[in-house]
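Q: Got a structure here, written out as structure tokens. Questions coming.
The values are calculated or read from the model by the stated rules, or taken from the named source; none is laboratory data. Here the structure is a predicted model, which means the values were calculated and not measured. Glycine also receives a Cβ, built like all others from the backbone with ideal geometry; neighbour counts cover every protein chain displayed. What goes into the accessible areas is simple: the full protein's heavy atoms, side chains included, and nothing from ligands, DNA or RNA. Shrake-Rupley method; radii C 1.70, N 1.55, O 1.52, S 1.80 Å.
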Amino acid sequence: MRILLWAEFQKLRRSSIILFTIFATILIAVIVFVGGITTVTAEQLTTDTFGWYMTITQVWATMFVLPAVIALLGSYMICREEQDDTMKSLRLIPVNEAKLTAAKMIVAFIFSILVYLLLFAITFSIEAALHFSDLSMKVVFDFLKMYLIEGVGVFLAVSPIIAIVPYLKKSYWLALVMAEIYSFAGLFMSMSNTSKTLYPITAIFGVSGYYETTTSNWIVSFGVLLLCGCLSFFILAGLNRSRKGNKHNEKTI
Amino acid sequence: MLKLVQIEFCKLRRKKLIWLMLLSAFIMPFFAFLYFGYLGQTDIAPANFYKWSAFGFTLFIILPFILGLFGTMLMHDENRYDMLKQLWIVPVSKMGYFFSKFFVVLIYSIGFMLINALASVLFSVIPNYVSFGWGSIAFLLERSLEIAVLTALAVLPILAVSALQKGYILPICITLIYVLAGFLITPVNSCLHPLSCISVIIARNGAISELTLPQNSVPLALVSIGLWVAASILLVNIKLGKRK
């Protein structure tokens, strides 16, 4: 497994997707900052308010960009072997396909956490520059915890979409559309308490502590995210089984 | 040119996915229906409902994202399988090739917005949120067509990037960033990003209430879109011209 993980990281180093994700993360932080220093109405909260910047940036990033980027990365890693026709060579080595898929999912998971850590580092630096005297260790750790949980939560929430991609074959574009609409719909799901608790994207905010929730709602939201993870596991397990079935059929022919 | 556009549509017949993507035109009318249902409001001003269903997130997020993706899909296969060489041999003019893709995006955009307008009317009139009136429907259709044409022009930079790239990762990442930038930059400067400029144009004469924009100059918005379009065409012209 360690070798597979190492190989996946090596492959990603060659891809431009990492650079673009870093660029996208920085750009989100910059755009929110620019929005925060410009006031349109008197009631608008700005970067002058302590904690506003760190709070708002993660919400915009989670609602509009990062789930789609993480889904894109996951689906890209899983589909590229079939697309680049390297799957045959991997089978010849032989590489265990279940382990290979697991390695790709682990890389996507690590990547999701790293993206949120990067976002935290940027927002924290700016917040420290603006309100250094207001910062305390507790506040910093609370935000760090929030960002880390969101990194994990976003991966779990989009994992079923990543897992569906190999079934879509050439229609992997659909996964991206699904991920974007799925995260964007979170804006409307926060209207009611029930949908806010049950919808995976808004459930992330409940678990991370951005939304104030009751303990029972927190457990339900946590369960929803775990369910998403389990769902993707079963989808991928089904995929590996169907691939093995295909290979068996080829042998018998 | 017409023949090129026709060929593009013939190629699209093989891609069932793009027709599925049109379903996303129903998203905002449906959410507007849920939103006003949740608030328990009836007798809503038509412009207020349409602001949610057609002039808000549809304009800023959904349509540009779908068009960006659609443009990338149109360009990707030919770039990936290196079919451009064969097209140049035919010969197909390089700018003709680019504009044929643009016209397909434009027609797709018009189709998308017409579906969105139809869904907006259905989701507002059937539950009795908005009283039926030809005047408001004509207004919705007029602004929807404006959004369709202007958004197709606004995604020209993405189409240009897709035309110059073999991969699909960069154009898609750019689409995501471009759409988010347009959405977040609007309250700061509404004449900088093409998507912000569209909101200025469609909200002209105070037609859409409660839409606070820092700049309201329609000519400036048109000039801004024109500059983005000209820069995209110039970039494609230079880069495709160098390509063999």
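Q: Go through (1) within 14 Å of chain A (Cβ to nearest Cβ); (2) over 30 Å from A:S15 (Cβ atoms); (3) of a type outside the set (V, I, T); (4) buried (at least 23 other Cβ atoms within 10 Å of the Cβ) for B:S144 and report which single condition fails.
A: All conditions pass for B:S144, except number (1).
Q: Does the stretch B:198-243 hold any residues that are open to solvent by 50 Å² or more (accessible area, probe 1.4 Å) and within 14 Å of chain A (Cβ to nearest Cβ), and which are they?
A: If the condition is that a residue be open to solvent by 50 Å² or more (accessible area, probe 1.4 Å) and within 14 Å of chain A (Cβ to nearest Cβ), then B:E210, B:L211, B:T212, B:P214, B:Q215, B:N216 are the ones that fit.
Conditions tested, residue by residue: (1) away from chain A (no Cβ under 14 Å); (2) without any contact (Cβ under 8 Å) to a residue 40 or more places away in the chain; (3) touching a Phe, Trp or Tyr at 6+ places or on another chain (Cβ under 8 Å); (4) surrounded by fewer than 22 Cβ atoms within 10 Å (Cβ to Cβ).
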{"site": "B:T72", "(1), (2), (3), (4)": "no, no, yes, no"}
{"site": "B:Q86", "(1), (2), (3), (4)": "yes, yes, no, yes"}
{"site": "B:V90", "(1), (2), (3), (4)": "yes, yes, no, yes"}
{"site": "B:M95", "(1), (2), (3), (4)": "yes, no, no, yes"}
{"site": "B:M113", "(1), (2), (3), (4)": "yes, no, no, no"}
{"site": "B:A117", "(1), (2), (3), (4)": "yes, no, no, no"}
{"site": "B:S120", "(1), (2), (3), (4)": "yes, no, yes, no"}
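Q: Do you know which residues across the stretch A:139-149 are within 14 Å of A:F50 (Cα to Cα) and without any contact (Cβ under 8 Å) to a residue 24 or more places away in the chain?
A: Scanning the stretch A:139-149 gives a single hit, A:V140.
Q: Further, regarding this structure: Need at least 3 residues that are aromatic (F, W, Y) and within 12 Å of another protein chain (Cβ to nearest Cβ) per element, so show me which helices (runs of 4 or more DSSP H) inside the stretch B:15-55 make the cut, counting only ones lying wholly within it.
A: Result: B:27-39.
Let's see how each residue does on (1) more than 9 Å from chain B (Cβ to nearest Cβ); (2) assigned to a helix (DSSP H, G or I); (3) of a type in the set (S, T, Y); (4) open to solvent by 20 Å² or more (accessible area, probe 1.4 Å):
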{"residue": "A:I22", "(1), (2), (3), (4)": "yes, yes, no, yes"}
{"residue": "A:T46", "(1), (2), (3), (4)": "yes, no, yes, no"}
{"residue": "A:Y76", "(1), (2), (3), (4)": "no, yes, yes, yes"}
{"residue": "A:E82", "(1), (2), (3), (4)": "yes, yes, no, yes"}
{"residue": "A:D85", "(1), (2), (3), (4)": "yes, no, no, yes"}
{"residue": "A:A98", "(1), (2), (3), (4)": "yes, yes, no, yes"}
{"residue": "A:A102", "(1), (2), (3), (4)": "yes, yes, no, yes"}
{"residue": "A:V107", "(1), (2), (3), (4)": "yes, yes, no, no"}
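Q: Separate question: Considering B:L150, B:L195, which residue is more than 10 Å from every other protein chain (Cβ to nearest Cβ), assigned to a helix (DSSP H, G or I), open to solvent by 10 Å² or more (accessible area, probe 1.4 Å) and touching a Pro at 6+ places or on another chain (Cβ under 9 Å)?
A: B:L150
Q: Could you list, in sequence order, the residues of the stretch A:196-228 that are buried (at least 18 other Cβ atoms within 10 Å of the Cβ), in contact (Cβ under 8 Å) with a residue 60 or more places away in the chain and under 21 Å from A:I161 (Cα atoms)?
A: Of everything in the stretch A:196-228, those that are buried (at least 18 other Cβ atoms within 10 Å of the Cβ), in contact (Cβ under 8 Å) with a residue 60 or more places away in the chain and under 21 Å from A:I161 (Cα atoms) turn out to be A:I201, A:I204, A:F205, A:L225, A:C228.
Q: Looking at B:V105, B:V188, which is the one that is open to solvent by 20 Å² or more (accessible area, probe 1.4 Å) and of a type in the set (A, V, I, L, M, F, W, C)?
A: None of the other options fit; the residue is B:V188.
Q: Within the stretch A:150-205, work out how many residues are within 18 Å of the chain's Cα centre (by Cα), of a type in the set (G, A, S) and not in a helix (DSSP H, G or I).
A: Within the stretch A:150-205, residues that are within 18 Å of the chain's Cα centre (by Cα), of a type in the set (G, A, S) and not in a helix (DSSP H, G or I) number 1.
Q: If we keep just the residues of the stretch B:127-147 that are assigned to a helix (DSSP H, G or I) and of a type in the set (G, A, S), which is nearest to the chain's Cα centre (by Cα)?
A: Of everything passing the filter in the stretch B:127-147, B:S144 is nearest to the chain's Cα centre (by Cα).
Q: If the requirement is being over 18 Å from A:L236 (Cβ atoms) and more than 14 Å from chain B (Cβ to nearest Cβ), which of these qualifies: A:I181, A:I204, A:I162?
A: Unique residue meeting the criteria: A:I204.
Q: Give me a count of the residues in the stretch A:4-20 that are crowded, with 16+ Cβ neighbours inside 10 Å and at the interface with chain B (Cβ under 9 Å from one of its Cβ atoms).
A: Qualifying residue count, the stretch A:4-20: 2.
Q: Just one of (1) open to solvent by 40 Å² or more (accessible area, probe 1.4 Å); (2) modelled with pLDDT of 90 or more; (3) of a type outside the set (A, V, I, L, M, F, W, C) trips up A:T123, so point out which.
A: (1)
Q: Then there is this: Tell me the residue from B:L180, B:L170 that is in contact with a Phe, Trp or Tyr (Cβ under 6 Å, 6 or more places away or on another chain), within 14 Å of chain A (Cβ to nearest Cβ) and in a helix (DSSP H, G or I), please.
A: The conditions single out B:L180.
Q: Name every residue in the stretch A:126-178 that is among the small types (G, A, S), under 19 Å from A:F33 (Cβ atoms) and open to solvent by 40 Å² or more (accessible area, probe 1.4 Å), in order of residue number.
A: A:A129
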